[in-house]
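S.K.: So that we are looking at the same thing, I have put the structure below in structure tokens.
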Amino acid sequence: VCLPHSRQIRSRQQKTQKEIQRKNAGVKGTEIKNMLDMQRNLKGLHESKKEVPKNSFSRSVKNFEPFRTEEEREERSRGSRWMWPNDGPFSEWYKMWMLAHCAFVAVYWVFRISFEGKPPWSIVVMECYFDLIFAVDIVRIFRSPYLNENGKTVSDSKMIAMRYLKSWLLPDLYAFFPLAYLRYISNRADGGYNDILNFFTFNYERLPRFYKVMLALQ
């Protein structure tokens, strides 16, 4: 009576053991598959690192500008790479240096106009020096960014040049005109009574009053 019952128990035990073995085999298979997938992914990452250029990270950092609009990025890309520094110790030193020159010229020009005459060579050399200084300042203006009406910084060289052309370029070029040197090399005997001809030949020795007005405007 007990034999069939024991056989049933044994068959059930064998079935459960087989099911457990199947489950373990399935778990091991999935683990092996997952391990193989991980190895493939790591291998792909390693190969992609080899293909990435060295400067890609720096380029991505440079291109990452979350606080700039697309118009500002395009304008910055069109702008020149080098601009005159508006901040820092060099900028402060340059401002003080130009302020000292402008203060000296403001006092000197009053005496220069009041006691107008044919300048000596030392005055010509000094005014050539000041012309050189202001020529450097003209270059600075061409390379200095500015703020537009919307409060945005404009660094495009063409826009800077057009803005300077519409404002102070022509007066600054006139201030750069070497009046003292032309007066120094002019002779009264070389000119005539035709003032227009004297003007076009830069014979300011024949045009003392006109020269004084030009000196005052400069």
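The values are calculated or read from the model by the stated rules, or taken from the named source; none is laboratory data. Nothing here was measured: the structure is a model prediction, and the numbers come from that model. Note that each Cβ is placed from the backbone with ideal geometry, even for glycine, and that neighbours are counted across all protein chains shown.
S.K.: Quick check: is even one residue across region 157-177 closer than 20 Å to residue 121 by Cα and assigned to a loop (DSSP other than H, G, I, E, B)?
M.R.: So far as region 157-177 goes, yes, one or more of its residues are closer than 20 Å to residue 121 by Cα and assigned to a loop (DSSP other than H, G, I, E, B).
S.K.: Only one of (1) assigned by TED's automatic domain parsing to the domain that holds residue 93; (2) in a helix (DSSP H, G or I) is not met by residue 144, so which one is it?
M.R.: Against the list (1) assigned by TED's automatic domain parsing to the domain that holds residue 93; (2) in a helix (DSSP H, G or I), residue 144 comes up short only on (2).
S.K.: Just to be sure I understand, how many residues within region 101-128 are among the acidic types (Asp, Glu) and either in a helix (DSSP H, G or I) or touching a strand residue (DSSP E or B) at 6+ places or on another chain (Cβ under 9 Å) (or both)?
M.R.: Final tally of qualifying residues: 1.
S.K.: Can you name the residue in region 178-192 that is of a type outside the set (Gly, Ala, Ser) and in a loop (DSSP other than H, G, I, E, B) and is also surrounded by the most Cβ atoms within 10 Å (Cβ to Cβ) among such residues?
M.R.: Looking at residues that are of a type outside the set (Gly, Ala, Ser) and in a loop (DSSP other than H, G, I, E, B), I get 178.
S.K.: Could you check region 193-208 and list, in sequence order, the residues that are part of a loop (DSSP other than H, G, I, E, B) and in contact (Cβ under 8 Å) with a residue 24 or more places away in the chain?
M.R.: Selection gives 204, 205.
S.K.: Restricting attention to region 209-218, which residues are surrounded by 13 or more Cβ atoms within 10 Å (Cβ to Cβ) and either in a helix (DSSP H, G or I) or acidic (Asp, Glu) (or both)?
M.R.: If the condition is that a residue be surrounded by 13 or more Cβ atoms within 10 Å (Cβ to Cβ) and either in a helix (DSSP H, G or I) or acidic (Asp, Glu) (or both), then 210, 211, 212, 214, 215 are the ones that fit.
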